Amino acid sequence: MKFESELLILTMILWTTAPHRPCRTYDTACAAADLFQTKYRRNWTAATEYFVARSKEWGFNSAGYEFITAPGISWPYFPDLFVTNASHIFARSAFGSASFPDVFAGDFVAVTDRRVAEWCARDQHIDAARVPRNVVGSYFEDQPIWDVSSARMLSLALDPNTGNVSGPTDWEDAMRTLPESAPGKHAYVAWLKQRYGGDLSTVRPIYSLPSSVKTWVEVEMWDFHTVNGLQSTVVADDNEFIGVVADQLFGVAAGAVRRHDPRALVLGQRFISHDAPTSVLQAAGRHFDVISVQPSIFSPESPDQALVNISKTSERPVMVADQSSHYVEPGPPGTLQPSGCTPLQSESTQCARYGTAAGALYAAFLSGLRSRSEIVGVSYDAQSCALMIMKNLWKRLASTSISN
């Protein structure tokens, strides 16, 4: 596993400036700096040459996102970009909060175009210039929680003392609470009116509209603060309208990528397999070349069925993103730190205690994927390498991709 360890360390080099000194056990940041200093003499080209040569030796044919190119070394990679700041990661950290812009607003197209242009020219994560000829395709990094009931239940469980902030939990909630003049509010109310055939008497009890709201114009003026976002009919409506939002968002973002990096595939959001509402997947299929999915919960016994269903729903091939061997990694003395495993997973069937057993699980996972024509590739986790299972990726995509 020495090569795998060095690959993981190499991906950390840019973020560390630790001086050369003996490293404490488990201090991976120090190990990264030490390796860069002692083996490569702080020569990024030399480090990249080693990375690429060993990647090829091990059967990889490209790098993942946040890969830093070096002059004279050609190696395909899959960068990412932020279209908005709607990531659920922001919502669950002290570093910021998720924001859900009005994707129907006139200035959203211009703002998104400028933002995507900046990312296509230079990776804002790592402040490194992109090399267009080596870019296979772009991921969208700002993955929100699409299923509105999941997003709302999570918000109830968050501890306000951890730095999480209040506000909309999802795009549907954000559109509904916009002011009456906002295009997003107009789009939402128009959709609601159409869904219920203009019957306000049916909508009133479901959305707890007061008797003072007598017309659809007044509905647009209402702030919906009385709505129970966990009520089953509201959730069902919202999981349909979220597809309308996704269609607008994906269309604008994919269009910007195709303008500023026309050679690249649009890989889109890296969906979590259990958070992919039908309406959102259908919208993704209309705008993305590939549907990128992070399988969760990881299952080596039957890894492919959920992915096949996603492909059928979206009518697109699937790229498996961010998967690796799942094992329990030794931590500091007296502890065990899970690596790639969650408390929801049974260690006996989903994870292994040692690298050899983990390798067997991963081999079973890949074997299952190889048997499915819907799967066009697998990206190894930890921002290291991407292993493309299907040799004819470009040929298949040429027959299914969206014309620019």
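The values are calculated or read from the model by the stated rules, or taken from the named source; none is laboratory data. Every value quoted in this text rests on a predicted model; they were computed, and no experiment measured them. In this analysis, Cβ positions are derived from the backbone assuming ideal geometry, glycine residues included, and neighbour counts consider all displayed protein chains. In case anyone asks, the SASA skips ligands and DNA or RNA and just uses the protein heavy atoms, side chains included. Shrake-Rupley method; radii C 1.70, N 1.55, O 1.52, S 1.80 Å.
Some points to look at:
- Boolean, Ala105 is within 21 Å of the chain's Cα centre (by Cα) and at pLDDT 85 or above: no
- Any chance Val165 is at pLDDT 90 or above and farther than 30 Å from Gly64 by Cα: no
- Selection of helices (runs of 4 or more DSSP H) fully inside the range 204-292 by the criterion of at least 2 residues being surrounded by 15 or more Cβ atoms within 10 Å (Cβ to Cβ) and either hydroxyl-bearing (Ser, Thr, Tyr) or in contact with a strand residue (DSSP E or B) (Cβ under 6 Å, 6 or more places away or on another chain) (or both) returns 232-260, 278-287.
- Test: residue in the range 85-96 that is modelled with pLDDT of 85 or more and buried (at least 16 other Cβ atoms within 10 Å of the Cβ): no
- Any hit, the range 122-140, residues being open to solvent by less than 10 Å² (accessible area, probe 1.4 Å), among the small types (Gly, Ala, Ser) and assigned to a helix (DSSP H, G or I): no
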